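Student: Questions regarding the structure given below will be posed in turn.
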Amino acid sequence: MKTIVFVGPTLAAAEVRALVPGADVRPPASVGEILDLALGKRRPARIALIDGYFERMAAVWHKELLLAMERGIVVFGAASMGALRAAELAPFGMIGVGAIYKAFATGELIADDEVAVAHLPAEQSYRSISDALVTIRHNLALARRARSITKASHDRLLASARARFYRDRTWRALVDLEPALASHTLVDLKAVDARALLVVLAKARTPKRPVAVPRTWALRQLIAVR
């Protein structure tokens, strides 16, 4: 059962291969790549979307994920772009995993930039150089529960993080504003969710859930240029 995992800054490829032996690990997904898999003659059994591009190239389309499911591929999502798409496509059979997916699925989170990070290129293993707002939010809540910071400090720091462009969001910047955070070890919520997805992939044989996808004009155009 071939499994393809699209991952970049959230987890290292080596960790993915260690948790899901035999997985075909690929860089963050961009528009058309999952469509190519869906239309190919040797389709994978499963696709796991963790990371995806969204700025310097077009993001994965919802319709290509739906087309993959129509063709019998089981599609999972978690942590980053995968959590967003899984929350949007759960009614059609995409399988979401993790706290971030659940927060988007329930409407607790709504902004795409919650999961956005700046990262280095492939040559530097896509290493993140900023921290996702969803991770900052999670860790401020942990610090508040541990009474390392007050509610007022929590609210002030979260507002500061939200006001920054995603490339400028770092835990280090918040520590500079609130030294009490220096004793808190940052928990990367995106990595936690990605590992939870990989555990599911390693253990489960998931039933296929075929869907019917309307061939809209835009989808026909995308198929035509592949």
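The values are calculated or read from the model by the stated rules, or taken from the named source; none is laboratory data. Not measured: the values here are computed from a predicted model. Heads up, the Cβs are rebuilt from the backbone with ideal geometry, glycines too, and the neighbour counts pull from every protein chain shown.
Student: If you check every pair at least six apart or on different chains, which have Cβ atoms under 6 Å apart with a residue in the range 62-86 that is under 15 Å from Val200 (Cα atoms) first and a residue that is buried (at least 24 other Cβ atoms within 10 Å of the Cβ) and acidic (Asp, Glu) second?
Tutor: Close Cβ pairs (under 6 Å, with a partner that is buried (at least 24 other Cβ atoms within 10 Å of the Cβ) and acidic (Asp, Glu)) amount to Ala78/Asp193; Ala79/Asp193.
Student: Please enumerate the residues belonging to the range 57-75 that are assigned to a loop (DSSP other than H, G, I, E, B) and more than 17 Å from the chain's Cα centre (by Cα).
Tutor: Listed by number, the residues that qualify are Arg71, Gly72, Ile73.
Student: Do we find a residue being modelled with pLDDT under 95, under 22 Å from Ala191 (Cβ atoms), part of a helix (DSSP H, G or I) and under 14 Å from the mean Cα position of the chain (by Cα) anywhere in the range 87-108?
Tutor: No, the range 87-108 contains no residue that is modelled with pLDDT under 95, under 22 Å from Ala191 (Cβ atoms), part of a helix (DSSP H, G or I) and under 14 Å from the mean Cα position of the chain (by Cα).
Student: Of these, Ala161, Ala194, Ala180, Ala143, which one is among the aliphatic types (A, V, I, L, M) and either free of Cβ contacts under 8 Å to residues at least 12 places away in the same chain or in the same structural domain as Ile50 (by TED's automatic domain parsing) (or both)?
Tutor: Ala194
Student: Quickly run through the range 146-156 and pick out the residues that are free of Cβ contacts under 8 Å to residues at least 24 places away in the same chain, under 15 Å from Val175 (Cα atoms) and in a helix (DSSP H, G or I).
Tutor: Within the range 146-156, His154, Asp155, Arg156 qualify.
Student: Let me ask you something else. Just to be sure I understand the filter: pairs with C-beta atoms under 8 Å, separated by 6 or more residues or on different chains, first member in the range 107-125 and free of Cβ contacts under 8 Å to residues at least 24 places away in the same chain, second member small (Gly, Ala, Ser) and assigned to a loop (DSSP other than H, G, I, E, B). Which pairs pass?
Tutor: These pairs meet every condition: Glu114/Ala132.
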